[in-house]
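Notes to accompany the following structure.
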Amino acid sequence: MTAVATLIGDVVGSRSVADRRALHARLEEVLADVNARTEPLQPLRLTVGDEFQGAWRRRGEAAHAALLLRVGLLPEVETRYGLGRGEVTALSDDGNIQDGPGWWQAREAISLAKADEERARGDARVVRTRWVEDSPTGLALDAALRHRDLLLADLDERSRRLLRGLLAGSTQRALAEGEGISPTAVSRRVRRDGLDQVVTLDAELAALA
C-alpha cells in the first residue's frame, strides 16, 4: 500500500440538471484539462453518476486540483470535494479500482461537505471542500480549504474569470486587455475580492508534501 492524496468530487444538484449530456461533456472537458495541468498518480475520471475521483503524490497537488476543478466548472456547474491522505491499494490489475484509508478519508470528507451544505440552508457562503486526515497537517489543510471556499463564494463571474487567468499564469495587464478594462480596474478587483489571497494560499498549499 502507498500513501497518496486522494480527491472525490461530485456535482451539486445534479438531478435537477436538464441537459445531462452537456453536463457530462463539460465534466469530461474540465477533468481532462486539470489532468493535463497537474501530475496525478491516478488521473481524474468520472466514476458513478456525476462523481469523479483522482489521486496525487502530494497533498498540495490535490488541493490545487480541487481549486482548478471548481473554478473551471463555475458558474455552469457547482461541485463539492472531499480530500484526504492515506494508504491505498489497487484491487484491479489496471489500477482503476482502488481501496484503502486514503479513499475512506476522502469519502468521509465529502460527506462533511454535504453536511456543511445542509446546515447552510441555501446560504451562498457555504463550504464546498473538506479535508480529512488524522494529523495536525490535515487539520490545518481543512481550515485553509474552508477559508478558500468562503473567499470563492463572494466572487462574481468577472472575478472568477480573472481568478482562472491568474491561476493559469496570466498577468493583470493581459487580463485587463481580455476584459476590455484598465489594469487599474483589474488590480482593484484583485485586492477587493481577495483574488490575490486565493492565489497566494493556493501557492502555499501547493508546496505541501
Dimensionless Rg ratio for the stretch 68-209, taking C-alpha atoms and the 2.2 N^0.38 Å reference:
1.20
What's the center-to-center distance, using Cα atoms, between the stretch 174-191 and the stretch 107-127 in Å?
33
Rounded D (µm²/s) - the stretch 4-128, Kirkwood Rh over Cα pairs, Stokes-Einstein at 25 °C, 0.890 mPa s:
166
For the chain, the dipole about the Cα centre with charges only on Cβ (Lys and Arg +1, Asp and Glu -1), to the nearest 20 debye, works out at 620
Could you state the accessible area per residue of the chain in Å², with a 1.4 Å probe and every protein chain left in place?
49
Using alpha carbon coordinates only, what is the Rg to Rh ratio of the stretch 131-209, with Rh defined as the Kirkwood radius?
1.06
Let me have the 222 nm mean residue ellipticity of the chain computed from DSSP H runs of 4+ only, each contributing -39500 (n - 2.57), with the sum over all residues rounded to the nearest 500.
-17500 deg cm²/dmol
Portion, in percent, of the accessible area of the stretch 1-72 that falls on carbon or sulfur, probe 1.4 Å:
49
On C-alpha positions alone, give me the angle between the axis of helix 101-120 and the longest principal axis of the chain, in degrees, nearest 10.
50
Along the positive direction of the dipole of the chain (beta-carbon charges: Lys, Arg +1; Asp, Glu -1; about the Cα centre), which of SER170, ALA203, GLY13 reaches farthest?
SER170
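The values are calculated or read from the model by the stated rules, or taken from the named source; none is laboratory data. Quantities reported herein were computed from a predicted structural model and do not represent experimental measurements. Note that each Cβ is placed from the backbone with ideal geometry, even for glycine, and that neighbours are counted across all protein chains shown. Calculation scope for accessible area: heavy atoms of the full protein, side chains included, ligands and nucleic acids excluded. Shrake-Rupley method; radii C 1.70, N 1.55, O 1.52, S 1.80 Å.
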